[in-house]
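One structure below.
The values are calculated or read from the model by the stated rules, or taken from the named source; none is laboratory data. Computed from a predicted model, the values in this text were never measured in an experiment. Here Cβ is always computed from backbone atoms with ideal geometry, including for glycine, and neighbour counts include all displayed protein chains.
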Amino acid sequence: MKDGGSEHPIILFDGVCNLCNHAVDFVIDRDPELVFRFASLQSHLGERLLTGFEIDTNETDSLVLIEEGRAYVCSTAALRIVRRLGKLWPAVYGLIVVPRPLRDAVYKAIARRRYRWFGRRETCRLPTPEEQARFL
């Protein structure tokens, strides 16, 4: 296996991106089963997983989901994440029927502008003591 074969899906996120950090908070708040684990793309683990799954950071630099030994990027990663959240969020997964090139075009347009629209941090996110066990 390329790594990332954990029983818990791993969300790799841009640790200096405010939008990405808010997305992590969103998932944490809606993940009552504590399914997901998190690591920044900039961390040693993040870099190792990106390399192991041969993910080009020039193409994907905001969000990656490692689930059941496979890596998912862009809109597919986001949709696979919401389908595992609580309440009505799994209904959003229905957008998977939209052709991937169209979904990814919207996703990438937002990702390209995320620093300009939402800002960026000087350093990667540090988890709170309560979140510590979920960050790798």
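Summary table
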{"quantity": "Filter pass, residue 133 being without any contact (Cβ under 8 Å) to a residue 12 or more places away in the chain and either exposed (fewer than 15 other Cβ atoms within 10 Å of the Cβ) or under 16 Å from the mean Cα position of the chain (by Cα) (or both)", "calculated": "yes"}
{"quantity": "Selected residue [modelled with pLDDT of 90 or more and assigned to a helix (DSSP H, G or I)] from 115, 93", "calculated": "93"}
{"quantity": "Residue check, residue 106 without any contact (Cβ under 8 Å) to a residue 24 or more places away in the chain and assigned to a helix (DSSP H, G or I)", "calculated": "no"}
{"quantity": "The listed residue being touching a residue at least 40 places away in the same chain (Cβ under 8 Å), within 22 Å of residue 16 (Cα to Cα) and among the basic types (Lys, Arg), out of 37, 84", "calculated": "37"}
{"quantity": "One residue from 80, 84 being part of a helix (DSSP H, G or I) and surrounded by fewer than 20 Cβ atoms within 10 Å (Cβ to Cβ)", "calculated": "80"}
{"quantity": "Qualifying residue in segment 57-73 (condition: hydrophobic (A, V, I, L, M, F, W, C) and surrounded by fewer than 18 Cβ atoms within 10 Å (Cβ to Cβ))", "calculated": "no"}
{"quantity": "Condition met for residue 45 (under 18 Å from residue 17 (Cβ atoms) and of a type in the set (A, V, I, L, M, F, W, C))", "calculated": "yes"}
{"quantity": "Test result for residue 93, among the aromatic types (Phe, Trp, Tyr), within 20 Å of residue 8 (Cα to Cα) and without any contact (Cβ under 8 Å) to a residue 12 or more places away in the chain", "calculated": "no"}
{"quantity": "Among the residues listed as 80, 30, the single one being modelled with pLDDT of 95 or more, touching a Phe, Trp or Tyr at 6+ places or on another chain (Cβ under 8 Å) and not β-branched (Val, Ile, Thr)", "calculated": "80"}
{"quantity": "Members of segment 77-102 that are within 21 Å of residue 24 (Cβ to Cβ), of a type in the set (D, E, K, R) and over 16 Å from the mean Cα position of the chain (by Cα)", "calculated": "87"}
{"quantity": "Pick from segment 38-66, criterion touching a helix residue (DSSP H, G or I) at 6+ places or on another chain (Cβ under 7 Å) and either of a type in the set (S, T, N, Q) or more than 29 Å from residue 130 (Cα to Cα) (or both), ranking: modelled with the highest pLDDT", "calculated": "40"}
{"quantity": "From the options 33, 7, 59, residue that is under 20 Å from residue 108 (Cβ atoms) and assigned to a loop (DSSP other than H, G, I, E, B)", "calculated": "59"}
